[in-house]
Amino acid sequence: MIPLRSAILRPGPPREANLCSRCLVRSRVHPPSTIRGFLSSSRSMGILANQSTSPLRKTYFSPNRLYDGSQTKGGMLSSFASANANSQPNSSNSQPPNDSSASPSSSTGTPSDSIASESVDSELPHRRRKRLKEQTSNNEQAEPSLPLDASAQLSNFSSALPDTSLRRKLAAFLALTKPRLSFLIVLTTTSAYGMYPISSLLTLDPAMTPLPTLSTSTLTFIYLTAGTFLSCCSANTLNMMFEPKYDALMARTRNRPLVRGLVSRRAALLFAIGTAVSGLGLLYIGTNPTTTALSAANIFLYAFVYTPLKRIHVINTWVGAIVGGIPPLMGWVAAAGQTATTGHDTWRDMLFSENSIGGWLLGGILFAWQFPHFNALSHLIRDDYKGAGYKMLCWVNPAQNARVALRYSVLMFPISIGLWWVGVVGNGFLVGSTFANGWLVREAYHFWRHTGMQGSARGLFWASIWQLPILLVGGLVTKKGLWDGVWQKIFGQPEEDEEEYLYSEDEEAAEDEVDSKQGDRAVASSANQRSTLSTA
């Protein structure tokens, strides 16, 4: 069924231009009046009449639509069927259509809808693939939504309980604290507390540290944990209390308790004041004034600087990173105040002495970690941030948002090496941190290369979720000097050390004996001199 090129290439209206060679021969053998009867008696007439289900039009006859001279995409036989149903004015053999359903006026729906549906149904596979590819490149695919955070889940749980239920109120107030964020801050604080170097006096005798865990007392650790958590509760509650009308505009925050009316603003304010007073009081009693001042400064920065700055300038992300870097410094200072042996435990000694370098490095890790974590998270909900009026890099400058995430991910390498260099952690931390930081940098590179597209933002977000605990737990496990007492207890003290110790004692005894003899000689000589002078 090869079309006659001499007839096909002519764009004129003759009916033979719309026929293939076999049908054209049959049309010339039979008179024009019998063509319709011939097609109606054939089985293919029912298929051609319903163009939306025609298999012939999509397999063989569809490619021939380029030669039929018509504007439709139904192929030759579909044009031939429409030519029989609709008469052409300049054709001598044309007759008025007997079927009224073939006229455009009698078709259901608007003409534009029928044309659009016909064009979509008759679209070729390669053209469909091209169209879908262009739509994918031009229109961004929707990112999968993030799971509900702990505050939203607690709010849903609280709203499902009776109004007079005590569990309803407790769940609503717990939702104000952002439990997962508060737990993460407590983890960073206690990890820095545990990574503070063990005193050399504790590592001399294995019996003094049978299972060394923390560098200071357990009571101080409890005070630090409880005080830090209550301080976080206060800061998070103030943050929610200042922006409920903006939280209602975002899908991520519209389920918060103040937005849904589960807690009143007055009750939230009293809760924030109560948790701040109790948290700072526990830190002052159980740790030291410097740790308490750092916690109070963190509450002020988060609630009264970072929160309003989100609607003013993109610098708010850097302020929020400072807020995230203070808790590890709190844990370090709390341990430094308890283990101070010289008595000089002022804020200058604990913050700006040589022993405070480890605390600043741990704070630097949390400061740098904020950018890949938050930039990836904000990219996933950038439309909500834009709709609520928050000035975030994710929609103000997406390219810079990706560059900043990659830049601070790379910064994690020198900071981790610095912890090993100053003697806070051992050699094992270098191996573990290299793998964890390499994973983060890899995801940040994809995030920068694709500007958050193709799932790179979600990959960076989950990489940051796992990378930080790996670093903190790895630092605790590979703490410098942590396992010295354990190894000495298992394998005992080396004999050469005992010999050196005995040898040093013999030397000291010999030196004391020599000094005593020299003293006796000096006394004897002085006595002789006195006796000589007296006789003289």
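The values are calculated or read from the model by the stated rules, or taken from the named source; none is laboratory data. Being a predicted model, the structure only gives us computed values, none of them experimental. So basically every Cβ, Gly included, is an ideal-geometry build from the backbone, and we count neighbours across all protein chains shown.
Is at least one residue of segment 462-479 of a type in the set (Lys, Arg), assigned by TED's automatic domain parsing to the domain that holds Thr190 and assigned to a helix (DSSP H, G or I)?
Residues of segment 462-479 of a type in the set (Lys, Arg): 479.
With assigned by TED's automatic domain parsing to the domain that holds Thr190 added as a condition, the list becomes 479.
Narrowing the set further to residues that are assigned to a helix (DSSP H, G or I) leaves none.
There is no residue in segment 462-479 that is of a type in the set (Lys, Arg), assigned by TED's automatic domain parsing to the domain that holds Thr190 and assigned to a helix (DSSP H, G or I).
Being in a loop (DSSP other than H, G, I, E, B) and either under 25 Å from Gly358 (Cα atoms) or modelled with pLDDT of 90 or more (or both), is that true of even one residue in segment 217-225? It would help to see each step written out before you state the result.
If we filter segment 217-225 for residues that are in a loop (DSSP other than H, G, I, E, B), which is where we start, we get 217.
Cutting the leftovers down to either under 25 Å from Gly358 (Cα atoms) or modelled with pLDDT of 90 or more (or both) gives us 217.
Yes: segment 217-225 contains one or more residues that are in a loop (DSSP other than H, G, I, E, B) and either under 25 Å from Gly358 (Cα atoms) or modelled with pLDDT of 90 or more (or both).
When you check Gly387 against the structure, is it more than 16 Å from Asn288 (Cα to Cα), part of a helix (DSSP H, G or I) and modelled with pLDDT under 95, yes or no? Explain how you work it out, then say what you get.
Working: more than 16 Å from Asn288 (Cα to Cα): yes; part of a helix (DSSP H, G or I): yes; modelled with pLDDT under 95: yes.
When the stated conditions are applied, Gly387 passes them.
So is Ile415 under 23 Å from Tyr306 (Cα atoms) and among the aliphatic types (A, V, I, L, M) or not? Reasoning before the result, please.
Values: under 23 Å from Tyr306 (Cα atoms): no; among the aliphatic types (A, V, I, L, M): yes.
Against the criterion (under 23 Å from Tyr306 (Cα atoms) and among the aliphatic types (A, V, I, L, M)), Ile415 does not qualify.
Might you let me know whether segment 396-405 holds any residue that is in contact (Cβ under 8 Å) with a residue 60 or more places away in the chain, farther than 22 Å from Trp360 by Cα and part of a helix (DSSP H, G or I)?
Within segment 396-405, one or more residues are in contact (Cβ under 8 Å) with a residue 60 or more places away in the chain, farther than 22 Å from Trp360 by Cα and part of a helix (DSSP H, G or I).
Filter segment 230-250 down to the residues that are in a loop (DSSP other than H, G, I, E, B) and not aliphatic (A, V, I, L, M) and list them by number.
Selection gives Glu243 alone.
Of the residues that make up segment 360-383, is at least one without any contact (Cβ under 8 Å) to a residue 40 or more places away in the chain, under 21 Å from the mean Cα position of the chain (by Cα) and over 24 Å from Leu301 (Cβ atoms)?
yes
Evaluate segment 260-278: report whether one residue or more is modelled with pLDDT under 95, within 30 Å of the chain's Cα centre (by Cα) and in a helix (DSSP H, G or I).
Checked against the condition, which is being modelled with pLDDT under 95, within 30 Å of the chain's Cα centre (by Cα) and in a helix (DSSP H, G or I), segment 260-278 yields at least one hit.
Of all residues in segment 409-442 being of a type in the set (A, V, I, L, M, F, W, C) and touching a strand residue (DSSP E or B) at 6+ places or on another chain (Cβ under 9 Å), which is farthest from Gly459 (Cα to Cα)? Show your work before the answer.
Taking segment 409-442 as the starting set, the residues that turn out to be of a type in the set (A, V, I, L, M, F, W, C) are 410-413, 415, 417, 419-422, 424-425, 429-431, 435-436, 439-441.
Cutting the leftovers down to touching a strand residue (DSSP E or B) at 6+ places or on another chain (Cβ under 9 Å) gives us 419, 424-425, 429.
On the way: Leu419: 27, Val424: 31, Val425: 29, Phe429: 24 Å.
The extreme case among them is Val424.
Every residue, every condition in (1) assigned to a helix (DSSP H, G or I); (2) in contact (Cβ under 8 Å) with a residue 40 or more places away in the chain; (3) within 26 Å of Leu377 (Cα to Cα); (4) of a type in the set (A, V, I, L, M), yes or no:
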position	(1), (2), (3), (4)
Arg252	no, yes, yes, no
Leu280	yes, yes, no, yes
Ile285	yes, yes, no, yes
Val305	yes, no, yes, yes
Asp349	yes, no, no, no
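Yes/no matrix, rows are residues, columns are (1) among the hydrophobic types (A, V, I, L, M, F, W, C); (2) buried (at least 19 other Cβ atoms within 10 Å of the Cβ):
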{"residue": "Pro328", "(1), (2)": "no, yes"}
{"residue": "His373", "(1), (2)": "no, yes"}
{"residue": "Ala376", "(1), (2)": "yes, yes"}
{"residue": "Ala402", "(1), (2)": "yes, yes"}
{"residue": "Arg407", "(1), (2)": "no, no"}
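Tally time: how many residues in segment 363-384 are in a helix (DSSP H, G or I), farther than 16 Å from Ala463 by Cα and modelled with pLDDT under 95? Talk me through it step by step, then tell me what you get.
Our first condition is that a residue be in a helix (DSSP H, G or I); within segment 363-384, this holds for 363-380, 382-384.
Adding the requirement that they be farther than 16 Å from Ala463 by Cα leaves 363-364, 367, 382-384.
Those left that are additionally modelled with pLDDT under 95: 382-384.
Of the residues in segment 363-384, 3 are in a helix (DSSP H, G or I), farther than 16 Å from Ala463 by Cα and modelled with pLDDT under 95.
Select from segment 146-194 the residues that are among the charged types (D, E, K, R), more than 22 Å from the chain's Cα centre (by Cα) and surrounded by 14 or more Cβ atoms within 10 Å (Cβ to Cβ) and list them in ascending order.
Across segment 146-194, the qualifying residues are Arg168, Lys169.
Only residues that are among the hydroxyl-bearing types (Ser, Thr, Tyr) and buried (at least 19 other Cβ atoms within 10 Å of the Cβ): list them for segment 248-285, please. Outline the logic, then answer.
Quick first cut of segment 248-285, residues among the hydroxyl-bearing types (Ser, Thr, Tyr) only: 253, 264, 275, 278, 284.
Correct list: Thr253, Thr275.
Tell me whether segment 227-249 contains one or more residues that are free of Cβ contacts under 8 Å to residues at least 12 places away in the same chain and not charged (D, E, K, R). Working first, answer last.
Step one: filter segment 227-249 for residues free of Cβ contacts under 8 Å to residues at least 12 places away in the same chain, giving 245, 248.
Now narrow it down to the ones that are not charged (D, E, K, R): 248.
Yes, segment 227-249 has at least one match.
Right, Glu443: surrounded by 11 or more Cβ atoms within 10 Å (Cβ to Cβ) and modelled with pLDDT of 95 or more or not? Steps first, answer last, please.
On the way: surrounded by 11 or more Cβ atoms within 10 Å (Cβ to Cβ): yes; modelled with pLDDT of 95 or more: yes.
Judged against the criteria, Glu443 is a match.
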